[in-house]
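Structure, as structure tokens:
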Amino acid sequence: MSVGFHELEEAPPPMTSRLEGELLEVSMGPQHPSTHGVFRMNVALEGEIVRKLKPVFGYLHRNHEKIGENTSYLGSMPYTDRLDYFCSMTNNWAYALSVEKLAGIEVPERAEYLRVILAELTRLQNHASLLGFLLSDMGAWGTPLMYAFREREKILDLFESLSGSRMMCDYMRFGGCRCDLPPGWMERARKLVDGFPRFLDEFEKLVVSNEILIARTQEVGKLSAELAINAGITGPMLRACGVNYDLRKVDGYGFYPRFKFRVPLGEHGDCYDRLMMRVLELRESVGILQQAMEQIPPGPIVNPKVKLRSFRPPVGEAYGRIEGPKGELGFYLISDGGSNPYRYRVRPPSFINLTILEDLCLGHTVADVMVILGSIDIVMGEVDR
Amino acid sequence: MSGQVDEGLRSELQKQGIWVTSTQELYNWGRRNSIWPLQFGLACCAIEMIATAASRYDLARFGGEVFRPSPRQADLMIVAGTVTKKMAPQIVRLYNQMPDPKYVISMGACAISGGPFKQGYNVLKGIDRYIPVDVYIPGCPPRPEALLHAFMELQRKIDGQKLTGESKAPFLDANQPSEFPVPAFGAHDLEPPLNSDVFHPPTIKR
């Protein structure tokens, strides 16, 4: 088996050769218009073809895990918002889920439904803005991003009226959610969700069959299912390779088994499949949201037995994971019975999805690197932590 | 006098279709209405910066929508996000590469002081230790309206800069520094830990 992790099929050429000329080393980033934050790649180019690519991380290393070990369990909740700053709700949920697992806390039914609704809304805004960013990386500068952010702002308005903050929601608590819905919220959310397919129709009509987009994305950055599984790729990127693995189906956390939805699968594992995977997932998310909004029961929003102040879970360890918009987001916590976790570890989907960047980029032109990086969907807050 | 036209004379002449201005007013009017920011995001605040530039908040109303990826073409650096010790030298270098006149907005709690990550071992406690900051925006992250407000404050500041005289703008004075030493990572921390030309730690008087 020749396919391996960072294993090249043939040895890269020497840095200078009389026939091929010199390889040009280019440092892309950390300040680059399409590196999605402060990410740097040292690229060795032969003409325009990428021969080597070395990612350089750590420009946004904010000591998340160390701070988590020195903060109380509840005090880490606002920090999880800032991990993947597009999806604070799903980060909250993953962290709350692992603490609930650690302490054995039950969650009321209404809170569980609300979590599903908020996580799917997060998925809508994350995927919508990803499509905008990916297209602006491809040269459609501005317009698709404006369309995507128009939809995103509507969802952020919902988050703001619920939690008080547009991006850093800090909404979930161990054993439920912080507060109940404000009056009229559900009607507004229903209106938004019902109108969302119109944005998708418009977007697909404008973009998906566009000749330039197809030329830029099809057969670019192909990922084999074998390598994807070996490297631990999760999320839409794995499903674009045709691997049927969605934690919402596999784990069945948070009442997801009660909803009818399909898991879209790709076939080729190229950038086009990754892009389409987001569009198809958006349609499924709209379906989940409509079902959850129909079914949500009245009742308490938080488990009254949980004492959030001076919260001390029993000695033990737990790993809670959810299917975040970018992939499997997990929190691994070890408790020694104190008020702080003994070990606090995040399994960030975008960091692990980024590890195969070199394998995807080799042999493509330097302009394709931006498209491939955009299709991986990284957020540096989560990559560097 | 530098930049001041008598208001009565001006309105009298305007009635007759004559617009009177001074070089300073015209110069500052042009500068303040076409501020080109550096397209440079660090962390969460960068997303709010993009939201400000996008359709709903529309930074273009203030003439600031032309985000330039190259520091050579930029007038304004919006330090949007957490500055780590690995990133601080690059930011100072980018600032040095910007041509005068140049301005800095420190967006969000992290860029001001380290914010929620201040206790972290790898986080710089405020970008104003190395480069001069014109406008600070508190918040984590600040709302797009707050960035618009900072933009308007910066426009007000530009409008008040004098071209001549004793109190002329510092970028017109050849003796004023426009580039600052780039810190490097030493044995334990960034060296030098601060730039004494721009950063003066507050002294507590009792």
From the options B:L38, B:L59, B:L76, B:L9, residue that is of a type in the set (A, V, I, L, M) and open to solvent by 80 Å² or more (accessible area, probe 1.4 Å): B:L9
Failed criterion for A:F149 (all others in (1) in a helix (DSSP H, G or I); (2) surrounded by 21 or more Cβ atoms within 10 Å (Cβ to Cβ); (3) over 18 Å from the mean Cα position of the chain (by Cα) hold): (3)
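Rundown of residues vs (1) away from every other protein chain (no Cβ under 14 Å); (2) modelled with pLDDT of 80 or more; (3) within 26 Å of the chain's Cα centre (by Cα), yes/no style:
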position	(1), (2), (3)
A:E7	yes, no, no
A:L19	yes, no, no
A:G37	no, no, yes
A:A44	yes, yes, no
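Looking at A:Y344, A:Y319 in this structure, which one is farther than 26 Å from A:V220 by Cα, touching a residue at least 60 places away in the same chain (Cβ under 8 Å), open to solvent by less than 30 Å² (accessible area, probe 1.4 Å) and among the hydroxyl-bearing types (S, T, Y)?
On the way: A:Y319 fails: open to solvent by less than 30 Å² (accessible area, probe 1.4 Å).
After applying the criteria, what remains is A:Y344.
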Residue in the stretch A:257-269 that is open to solvent by less than 40 Å² (accessible area, probe 1.4 Å), out of contact with any Gly (no Cβ under 7 Å at 6 or more places or on another chain) and β-branched (V, I, T) present: yes
Complete set of residues in the stretch A:221-274 that are farther than 20 Å from A:D368 by Cα, in a loop (DSSP other than H, G, I, E, B) and of a type in the set (S, T, N, Q): A:T234, A:N244
Test: B:A74 is closer than 30 Å to A:D81 by Cα and either in contact (Cβ under 8 Å) with a residue 60 or more places away in the chain or aliphatic (A, V, I, L, M) (or both): no
Residues (more than 16 Å from B:M87 (Cα to Cα) and crowded, with 24+ Cβ neighbours inside 10 Å) located in the stretch B:41-52: B:E48, B:M49, B:T52
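Quick one: which helices (runs of 4 or more DSSP H) lie wholly within the stretch A:50-122 and hold at least 3 residues that are touching a Lys or Arg at 6+ places or on another chain (Cβ under 9 Å)? Spell out the reasoning first.
On the way: elements: A:64-69, A:77-81, A:88-103.
Answer list for the stretch A:50-122: A:64-69, A:88-103.
In the stretch B:143-154, what count of residues is obtained for those that are touching a helix residue (DSSP H, G or I) at 6+ places or on another chain (Cβ under 9 Å) and either surrounded by 21 or more Cβ atoms within 10 Å (Cβ to Cβ) or acidic (D, E) (or both)? Give the derivation first.
Filtering the stretch B:143-154 for residues touching a helix residue (DSSP H, G or I) at 6+ places or on another chain (Cβ under 9 Å) gives B:143-148, B:151-152, B:154.
Of the ones still in play, those that are also either surrounded by 21 or more Cβ atoms within 10 Å (Cβ to Cβ) or acidic (D, E) (or both) are B:144-145, B:147, B:151, B:154.
Qualifying residue count for the region: 5.
Results for (1) among the hydrophobic types (A, V, I, L, M, F, W, C); (2) more than 14 Å from chain B (Cβ to nearest Cβ); (3) in contact with a Cys (Cβ under 8 Å, 6 or more places away or on another chain); (4) surrounded by fewer than 24 Cβ atoms within 10 Å (Cβ to Cβ), shown as yes or no for each residue.
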| residue | (1), (2), (3), (4) |
| --- | --- |
| A:S72 | no, no, no, yes |
| A:G75 | no, no, no, yes |
| A:L97 | yes, yes, no, no |
| A:E100 | no, yes, no, yes |
| A:G104 | no, yes, no, yes |
| A:E112 | no, yes, no, yes |
| A:G132 | no, no, no, no |
| A:W141 | yes, no, no, yes |
| A:P144 | no, no, no, yes |
Top-ranked residue in the stretch B:88-110 [being surrounded by 23 or more Cβ atoms within 10 Å (Cβ to Cβ) and more than 25 Å from B:D159 (Cα to Cα); ranked as farthest from the chain's Cα centre (by Cα)]: B:C110
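The values are calculated or read from the model by the stated rules, or taken from the named source; none is laboratory data. Computed from a predicted structure; not experimentally measured. FYI the Cβ positions are ideal-geometry reconstructions off the backbone, even for glycines, and counts take in every protein chain you see. When the accessible area is computed, the model is the full protein with side chains, heavy atoms only, and any ligands, DNA or RNA have been set aside. Shrake-Rupley method; radii C 1.70, N 1.55, O 1.52, S 1.80 Å.
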